[in-house]
Structures are given as C-alpha cells and as structure tokens.
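Trainee: One structure, as structure tokens, below. Some questions next.
What follows is calculated from the coordinates using simple rules that are stated; it is not laboratory data. These numbers come from a predicted model, not from an experiment. Cβ placement follows ideal geometry from the backbone for every residue including glycine, while neighbour counts extend to all protein chains displayed.
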Amino acid sequence: MGDVAVEAPCGSWGSPLTAGLLVAGAASPGEVVVDGGRVWWSEARPGEGGRTVVVCDGVDAVPAEVNVRTLVHEYGGGAWWSYSGTLVYSDHSDQRLYRLDAGGSPTALTPEPESARALRYADGRPTPDGNWYVCVRESHGQGSEPANELVAVALDGSLVVKALVSGPDFVSSPRMSPDGAHLAWVQWDHPNLPWDDTQLWVADFDDGVVSGGCRVDGVAGGEAGSGESFFQPEWNAGGVLHVVTDRDGWWHLYRLGGDGSLEQLTSGRFEVATPQWVFGLSRYAFVGDEVWFARRVGGVDKMSVLAVDGAISDLDLDATSIGSVSEFDDGVVAVVASWVNEPAVVAVGPDGVDELSCRRNLDLEHGWFPVPEAVCFPTSQGEEAYALVYPPTSPDHRVPGGERPPLLVLAHGGPTGSARTQLQLSIAYWTSRGFMVADVDYRGSTGYGRPYRHRLWGEWGVADVEDCVAVAGFLAGRGDVDAERMAIKGGSAGGFTVLAAVTFHGVFTAGASRYGVADLAALAADTHKFEARYLDRLVGAWPGDEAVYRARSPIHHTDLLATPMLLLQGAEDPIVPPNQARSMADALREKGVPFAYLEFPDEGHGFRRAPNIVRALEAELSFFAQRFGFDPADDLSPLDVDGA
C-alpha cells in the first residue's frame, strides 16, 4: 500500500476486502448464557456449512456433527440453554431436544415425531429444581396449520412432555420466577406479529402443571397503531416481573406492581426492544438492584444503567450495536460491535471491558472500514425517512475529480427491521471499491417508535419503495453520486422492495434481488404460519383485497420492466419459494431485459454456506460492473447475462 491514495475509476479499485474474506474464519456470535460464572454462546460458522455451534468459555461444547438450530417459526432462535454445567439444545437434523452433561453423550429429551421434524422446540428455560424444561413447541401435522403451545419437557430423559398453554396462535418467552412458583409468557393471534399486538400472561406453576393464568393489564388493540408489543419478560432476584412494551409509543422498560399494573421505568425517544423475528433476544439484565440495558437512540445502540432512584446513565462503551445482554459478575456480558469492529462477546463491568470471544484477525487497518453519515431525508407525502450513508473508503484510492461514485441503495429485510449498526464487511466490500452505499431505514423500520414502525401498514410496496427512490434522489441532488449509475439491492422483503422499485420507478439503472417476493398473492397463499397473515397488515385482507395485491406485485406489471436485474435464490426456501424468482426471470427473458439468474440448490431463506455467499457477492459485483461499465480488479467467475 502506498502512502498517498491515487485516483482511479470507481468500481475498479483493488481491495483486500474480497468476498472470500467475508466468510474466511467467520464465526458470528449469537445468544449468550451465563451459567455459574461460565459464559456460553452460540457461533454461526459459514465455513462449516452454515453450522451453529455452542461454545463454553471459547471451547466447543457440542460434538462436531451437531448443528444447534431450531426451525420454530422457520427463523428459529432460542435453540439452547445451559444450567449447572448441562446443555439443552435442539438438533437441526431432527429438531428434537437433547441434554448434554459435562463429559457425557447427548440424551434425547423429546420423543421421535411421526414424521421428520414434525415436533420443534425453542425458547426454553429450566425450572429452578432442574426437573423441567419449559419451552415453545411447534407441532406440524398433515395439511393443517402448525400448532404452537408451551410445554414442560422432563429433563430426566423419560421423554415426558406436558402441555401447559394451548389455544393462542403463537406463544413465546416462557420465563420461570426464581422460586419456581410462577410462569410468565407472551402470546398473540393472527393477523398480528410480535411487534404488533401481544398479551402478557402470568400463571401458577407446580411440577409441570399450570393453573390460575391471568392476563396482565394491557392496551386494547385491533385498529392500526393500537395495542402493544411485549418483549422479554424477566423476573429479578426478588421475584418482580419486568418486561418491555411500547404502550407509550416507544419500546420501554416496565415492572409489574403488586396491584397487577405495569409501572414505567424508562421513557424518551429511544427503544429498548428489537423486532422479535427470532426467539432468545435479550436487551437488558439485572445487576444487583440496577438494570443494565441496551437502547437504540439516534440510530445506534448504547449501553445504559437504570439506577434504583430511576436515574439513567450511559456507559462509556465503544459500541454501536449491542445484543444478547446477560448478567455477569458486577456487570453484564453482551455481543458488542462498532463501526470498525465486528461483533464479539464482551464482558462490561466497573473495571472496564474484557473481550471473551476472539474477533478474527482481518489484518486490515481501520482506514478500510467506512463510518456512515446518519441522514434524515424528505420523502413522499411530506414525511421523512432515515438512512446510513457510507462514503467510498480506501487508503489506496480516491474518487477522481471529474467523477461521482456509483450508488448502491440497500433495502433491509423484514420489512419490520432496521439497518444494522455495525461494521459489515458486506458493505465495506463495496465502499472499498469506490461505491457509495445508502442503507435505508424506510418507513416501517424499527428504532424510531411504534408509529414509524407501523407506517407500512397498508403501504408495503409503496412507502418503502418511495423512500429508497427518495434517498437516491436526495444523494444525487447533493452531488454525492452519479445519477446514471444507481443500483438497489435487498433480500427477502428487501428483495420485494427492489423488484417494485425497478418495476414502478425509473430511478435505478440496475437491481439485485436475493430471494425477493415478486407476487404478493402467491406469498399470501404459500408461506409459513408465522407470516401467514403478515400481509393483512402490510397490504390488505386476503383474498378480499386481491386487486391491491395485484397492483403492487411486480410480476403482474412486466410490461413496465426496463431495468437490468440479477436474481439470486435458494432452491430450498420455505418462506419465499423459488417459483417467485423463476417467474420473474421468465418475465425478464420474455421482455428482453438483461438479467442473470443464479439458484443455489443447497440454500434456504438466506445464504449460510461459505461458497454460496462468495458466489452471490461476486455475481453482484460482476453484474454491476457490466451495467456501469467499469473493470473490477477482482478475478471474478464468469456471469452470463441473458439479453445483454
């Protein structure tokens, strides 16, 4: 590397941030459990076929053939827990629960189902006496909607499973009181999702039997914006139940009083919770008489402390993203990341910060990592939206004086979600080659309060698309980017936003969709239970509002297609089946619009395997290079573009 950055055409910059580097030695930490002073966490490892491993104090705690993953809600999460040195986990291969004692072999805890993976378990906790594991069970029958319920699984290996709570469409977060006498949980029904309208319940528990269940006083729901979303019920050491809910318009911390009402502990324009796409999320923990919690404020995460007197103070922690918060010694342990550091398991206490998991050595100076500008920009209907804008960033190269960089707009998935607030090599991959990247928190994103989160109700495919178009116009208007070289990419729900943007708007000159939705009606008729009624809120009642579904589905407006597209799809995707991408490819071929289609036979919803992750990213670079007319410095595999 030279001492002075040299001018070179954007897109052609050489970069050590290769697609292979994104997955080489990658081990993304997930959930964290503190058990008797020992710290356990999960790691997702693309280099091991996308396997998830549980480690204890940095040492693998499961056999090499075990993939710890549950398929409840298809998205999973909460696949394991440890207590007294014993691990309980869901094995991805059969979805049964197993107990693994220190130095022992796995013992099956749940019976073998009649058909493969028909009984799935998640989000469990052991009872204080160690007799039961209380968790969510999802039962898949033949031709019927799966049944979700809370069950108690005997921990002695007898294969006894007792149903505790049945009836609601969905249940989550079963949490035992310290004395084992009470059980709290969250439940909800169609068409809600957990960030819409849920209920908090508490019941008596006695040796695998629940009685006297009652609903904690809640806010009535039903209309747009009404109801409340409960998140992470937890009991403190004194047996007082705490929970996060958004009844004042923001996800804040509350505690249950003796009279059965909820007392608000935090307030302001920040949010403690995140959308519950997966089980096992944790954003706060009890540290003595204090509550240490992560909160999203101003577009990034901070670690804060709620004192006994109600005062809130922020810790001096180099972090922009915080998750999996758990009590540890005189502080907490959490998964922490920043703009220049990938996620790691970190202990935070009065004496400072101690990194417990090893971040991989990228052997790169921080000058390769872009630090974004948080922008608020005007959009349609006189409203505002948000984005993180990453500039071209390279110690070796700079943008030539007469050139403006190409723009890559990112539409996050969900759509109920948000842009990630941490170092992402998948973004640095582009900025280190001379792209500007705008990661959009379109209307409907989380972290900005309940009204903004629900702004997509009835507007999916409209407001989100208009926001992505608006940020491109905003940046072009500032003179930041080349208006003739603006691309958009996204996956899943973000892929739908991509397809809608290039179909109904003429702003972008290239698009890349990963497992994106092309036909909303097909998604409404053919998706899994968790999201089966999601579109009722986002689009309209199905099939009553069929005309709206058709009007917003790109596949029904192929006469408008003119923007070259790259389509990437997993053949085993149960959430957005591959027929969606195949139909879009057929339409592009018939219209004569340049496109490329890659289907990965061993991937589902989201790419987990290292070779496929590499191939997908390099295909995007090759496709954009062909469309924007630059020569990448990378040695890329050929990408055949139909109609080019």
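Trainee: Using a 10 Å Cβ count of at most 16 others and DSSP loop calls, identify the longest part of the chain lacking such GluC sites (Glu not before Pro).
Mentor: The reported range is 224-364.
Trainee: Measure nothing but the geometry: give the 0 to 90° angle between the long axis through the Cα atoms of 493-504 and the longest principal axis through the Cα atoms of the chain, rounded to 10°.
Mentor: Helix 493-504 sits roughly 30 degrees off the main axis of the chain.
Trainee: Please give the net charge around Pro106, taking every other residue with its beta carbon less than 13 angstrom from that of Pro106, where Lys and Arg add +1 and Asp and Glu add -1.
Mentor: That sum, taken over residues with Cβ under 13 Å, equals -2.
Trainee: While we're here: Rounded if a/c is under 1.5, else prolate if a/b beats b/c, else oblate: with a ≥ b ≥ c from the C-alpha gyration tensor eigenvalues square-rooted, which is region 518-644?
Mentor: oblate
Trainee: With a ≥ b ≥ c the root eigenvalues of the C-alpha gyration tensor of region 87-199, is it rounded (a/c under 1.5), prolate (a/b larger than b/c) or oblate?
Mentor: Oblate, because a/c is 1.5 or more while a/b does not exceed b/c.
Trainee: Report the local net charge at Asp309: Lys and Arg +1, Asp and Glu -1, summed over other residues whose C-beta lies under 14 Å from its C-beta.
Mentor: With Lys, Arg at +1 and Asp, Glu at -1, the neighbours total -2.
Trainee: Going by a ≥ b ≥ c, the root eigenvalues of the Cα gyration tensor, does region 18-81 fall in the rounded group (a/c under 1.5), the prolate group (a/b larger than b/c) or the oblate group?
Mentor: oblate
Trainee: Could you work out the mean projected area of the convex hull around the alpha carbons of region 235-290, in square nanometres to one decimal?
Mentor: Hull-based average projected area comes out at 4.5 nm².
Trainee: Averaged over all directions, how much area does the convex hull of the C-alpha atoms of region 182-303 cover when projected, in nm²?
Mentor: 8.6 nm²
Trainee: If you line up the long axis of helix 579-591 against the longest principal axis of the chain, both from Cα atoms, how many degrees apart are they, to the nearest 10?
Mentor: It works out to around 10 degrees.
Trainee: So in the chain, what percent of DSSP beta bridges are antiparallel if you round to the nearest 5?
Mentor: DSSP beta bridges in the chain are roughly 80 percent antiparallel.
Trainee: How big, on average over all directions, is the shadow cast by the Cα convex hull of the chain, in nm²?
Mentor: Averaging across all directions leaves 27.8 nm² for the Cα convex hull.
Trainee: How do Arg125, Arg269, Arg69 line up, fewest other C-beta atoms within 10 Å first?
Mentor: The most exposed by this proxy come first: Arg269, Arg125, Arg69.
Trainee: If you don't mind, another one. Between Glu373 and Gln142, how high is the FRET efficiency from 1/(1 + (r/R0)^6) when r is the Cβ-Cβ distance and R₀ = 56 Å? Nearest 0.05.
Mentor: Approximately 0.60, to the nearest 0.05.
Trainee: Quick one: net charge of Glu290's neighbours, Cβ under 12 Å, K/R +1, D/E -1?
Mentor: My count for the surroundings of Glu290 gives -4.
Trainee: Helix 463-477 against the longest principal axis of the chain: what's the angle in degrees, Cα atoms only, rounded to the nearest 10?
Mentor: That helix lies at roughly 50 degrees to the long axis.
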